[in-house]
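A.B. asks: Take a look at this one; I'll ask things after.
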């Protein structure tokens, strides 16, 4: 099927790649069907695009590329909701807030997106607020870690 | 909304497993103790509101950023 995207024009996608976020993202609960599309070869950035609304697309990134010691535990509830059986099926992304320059851009480590790539379920989870998981973590380390 | 009055060291039960206790009242500030199973997530409401706002801000990214990437 063909979908409109926020930055990449019209794109042909395979329906089996569609991810279901049953609760949407926080504040945007009405959008539940997304797809991951690569944005750039040189940077670890991906577009999480709504398949129903071209305007709804988030730039997301691997949090580990920016903070190497980024780890958290998933609750029983999250494991159940996402039907996670194997750790290897899980991908974690963080929402990027892009500003005019990469230096000013930030990545949200407080509320990562956890995706079960096997079952195609995703959820934005909220970590216990702590200094280790900032809502606006600066992206300035991008260039060094992108390679 | 259910409204209950409580004094210091008194508590309320939410369901069978969640206890919320008033630990201290200092002027405008109230210190709460929350005893809940690990599966129950407890967050300050502002945290949720801040994340909602951040998601919306992230959504307003303009395609200009793609040009920025290419320049690098």
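A.B. asks: Considering only segment A:1-54, state which residues are in contact with a helix residue (DSSP H, G or I) (Cβ under 8 Å, 6 or more places away or on another chain) and at the interface with another protein chain (Cβ under 10 Å from one of its Cβ atoms).
C.D. replies: A:7, A:25, A:26, A:27, A:28, A:39, A:40, A:42, A:43, A:45
A.B. asks: Let me ask something additional. Give segment A:67-110 a look and list any residue that's surrounded by fewer than 18 Cβ atoms within 10 Å (Cβ to Cβ) and within 21 Å of residue B:64 (Cβ to Cβ), or say none.
C.D. replies: Answer for segment A:67-110, where residues must be surrounded by fewer than 18 Cβ atoms within 10 Å (Cβ to Cβ) and within 21 Å of residue B:64 (Cβ to Cβ): A:99, A:100, A:101, A:103, A:104.
A.B. asks: Separate question: Filtering segment A:23-46 down to residues that are in a loop (DSSP other than H, G, I, E, B) and in contact with a strand residue (DSSP E or B) (Cβ under 7 Å, 6 or more places away or on another chain), which residue is farthest from residue A:80 (Cα to Cα)?
C.D. replies: The selected residue is A:39.
A.B. asks: Quick check on my filter: what residues within segment A:110-136 are in contact with a strand residue (DSSP E or B) (Cβ under 6 Å, 6 or more places away or on another chain) and within 11 Å of another protein chain (Cβ to nearest Cβ)?
C.D. replies: Those that are in contact with a strand residue (DSSP E or B) (Cβ under 6 Å, 6 or more places away or on another chain) and within 11 Å of another protein chain (Cβ to nearest Cβ): A:111, A:112, A:113, A:124, A:125, A:136.
A.B. asks: Please determine, by comparing only the residues of segment A:84-104 that are assigned to a strand (DSSP E or B) and more than 8 Å from every other protein chain (Cβ to nearest Cβ), which one is nearest to residue A:116 (Cα to Cα).
C.D. replies: A:90
A.B. asks: Which number in (1) closer than 15 Å to residue A:112 by Cα; (2) more than 10 Å from chain B (Cβ to nearest Cβ); (3) surrounded by 17 or more Cβ atoms within 10 Å (Cβ to Cβ) marks the one condition that residue A:64 misses?
C.D. replies: If we test residue A:64 against (1) closer than 15 Å to residue A:112 by Cα; (2) more than 10 Å from chain B (Cβ to nearest Cβ); (3) surrounded by 17 or more Cβ atoms within 10 Å (Cβ to Cβ), just (3) comes out false.
A.B. asks: Further, regarding this structure: Give the residue that is nearest to the other protein chains (Cβ to nearest Cβ), with candidates limited to residues of segment B:23-66 that are farther than 12 Å from residue A:97 by Cβ and touching a helix residue (DSSP H, G or I) at 6+ places or on another chain (Cβ under 9 Å).
C.D. replies: B:39
A.B. asks: If you don't mind, another one. Based on what the data block shows, is residue B:57 exposed (fewer than 11 other Cβ atoms within 10 Å of the Cβ) and within 30 Å of residue A:55 (Cα to Cα)?
C.D. replies: Spelling it out, it is not the case that residue B:57 is exposed (fewer than 11 other Cβ atoms within 10 Å of the Cβ) and within 30 Å of residue A:55 (Cα to Cα).
A.B. asks: Do you know which residues across segment B:24-40 are within 19 Å of the chain's Cα centre (by Cα) and either closer than 29 Å to residue A:77 by Cα or exposed (fewer than 10 other Cβ atoms within 10 Å of the Cβ) (or both)?
C.D. replies: Selection gives B:28, B:29, B:31, B:32, B:33, B:34, B:35, B:36, B:37, B:38, B:39, B:40.
A.B. asks: Does residue B:6 qualify as being out of contact with any helix residue (DSSP H, G or I) (no Cβ under 6 Å at 6 or more places or on another chain), exposed (fewer than 13 other Cβ atoms within 10 Å of the Cβ) and farther than 25 Å from residue A:45 by Cα?
C.D. replies: Criteria not met by residue B:6.
A.B. asks: Please give the number of the condition residue A:38 fails out of (1) crowded, with 16+ Cβ neighbours inside 10 Å; (2) modelled with pLDDT of 90 or more.
C.D. replies: (1)
A.B. asks: Still on this model: Are any residues in segment A:53-82 assigned to a loop (DSSP other than H, G, I, E, B) and touching a strand residue (DSSP E or B) at 6+ places or on another chain (Cβ under 6 Å), and if so, which ones?
C.D. replies: A:54, A:56, A:66, A:82
The values are calculated or read from the model by the stated rules, or taken from the named source; none is laboratory data. Keep in mind that what you see is a predicted model, and the values were worked out from it rather than measured. Cβ sites come from the backbone with ideal geometry, for glycine too, and all protein chains shown count toward neighbours.
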